[in-house]
Amino acid sequence: MSKDTRLVYSTDPALNQRCPRCREVLSECTCEPEVDVKAAKFVAILRIEKQARGGKTVTVIDRLPKNELFLKQLTTTLKKKCGAGGTYLMSGRDGVIEIQGDKRELIRKHLAAEGIQSKG
Ligand SMILES: [Zn+2]
């Protein structure tokens, strides 16, 4: 037995901090942490998927930073560049953008122009 073992009682101030967005105590907060896109190092993964309903082809851009503003702006730009519909999702582990049709070539070019690395 170590003689240094002892119990330390303390009130942790971190437990009383509030979330700046929802004003909840942090332990109660369910906000998703926003990813700092500029600091994030990521490689977007492009893949083709068939939608369950109607079997339409979509280009999925996966592994994007979960930052709503970033995803929203990138989706808008890609929709314009591709002349296709699209949407973004933040429900999974990473941010995801879906653009209708097989637009990998255009998307890859645009991501490169934006300094975003991509694979697939
Ligand atoms: Zn919150």
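So which residues in region 77-120 are part of a loop (DSSP other than H, G, I, E, B) and on the phi < 0 side of the Ramachandran plot? Before you say what the answer is, go through the steps one by one.
Just the residues of region 77-120 that are part of a loop (DSSP other than H, G, I, E, B), to begin with: 83-85, 90-94, 101-103, 114-116, 120.
Correct list: A84, G85, M90, S91, G92, R93, D94, D102, K103, E114, I116.
So which pairs qualify, if the first residue must be in region 61-90 and of a type in the set (D, E), the second must be in a loop (DSSP other than H, G, I, E, B), the Cβ gap must be under 9 Å, and the two must be at least 6 apart or on different chains?
Listed by first residue and then by second, the contacts come to D62/G92; D62/D94; D62/G120; E68/E32; E68/E34; E68/M90.
Quick check on my filter: what residues within region 17-42 are surrounded by 12 or more Cβ atoms within 10 Å (Cβ to Cβ) and more than 16 Å from the ligand (Cβ to nearest atom)?
V37, A40, F42
So which residues in region 20-48 are of a type in the set (D, E) and free of Cβ contacts under 8 Å to residues at least 40 places away in the same chain? Give the derivation first.
Of the residues in region 20-48, the ones of a type in the set (D, E) are 24, 28, 32, 34, 36.
E24, E28, E34, D36 - these are the residues of region 20-48 that are of a type in the set (D, E) and free of Cβ contacts under 8 Å to residues at least 40 places away in the same chain.
Only one of E32, E68 is of a type in the set (D, E) and in contact with a helix residue (DSSP H, G or I) (Cβ under 9 Å, 6 or more places away or on another chain). Can you tell me which?
Result: E32 is the single residue among E32, E68 that is of a type in the set (D, E) and in contact with a helix residue (DSSP H, G or I) (Cβ under 9 Å, 6 or more places away or on another chain).
Per-residue answers, yes or no, for (1) of a type outside the set (A, V, I, L, M); (2) touching a Cys at 6+ places or on another chain (Cβ under 8 Å):
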{"position": "P65", "(1), (2)": "yes, no"}
{"position": "K72", "(1), (2)": "yes, no"}
{"position": "T75", "(1), (2)": "yes, no"}
{"position": "M90", "(1), (2)": "no, no"}
{"position": "D102", "(1), (2)": "yes, no"}
{"position": "L106", "(1), (2)": "no, yes"}
{"position": "A112", "(1), (2)": "no, no"}
{"position": "Q117", "(1), (2)": "yes, no"}
{"position": "G120", "(1), (2)": "yes, no"}
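Every number here is computed from the coordinates shown, using simple stated rules; none is lab data. Just so you know, these numbers come straight off a predicted model, no measurement behind them. Note: ideal-geometry Cβ built from the backbone for every residue, glycine included; neighbour counts use all protein chains shown.
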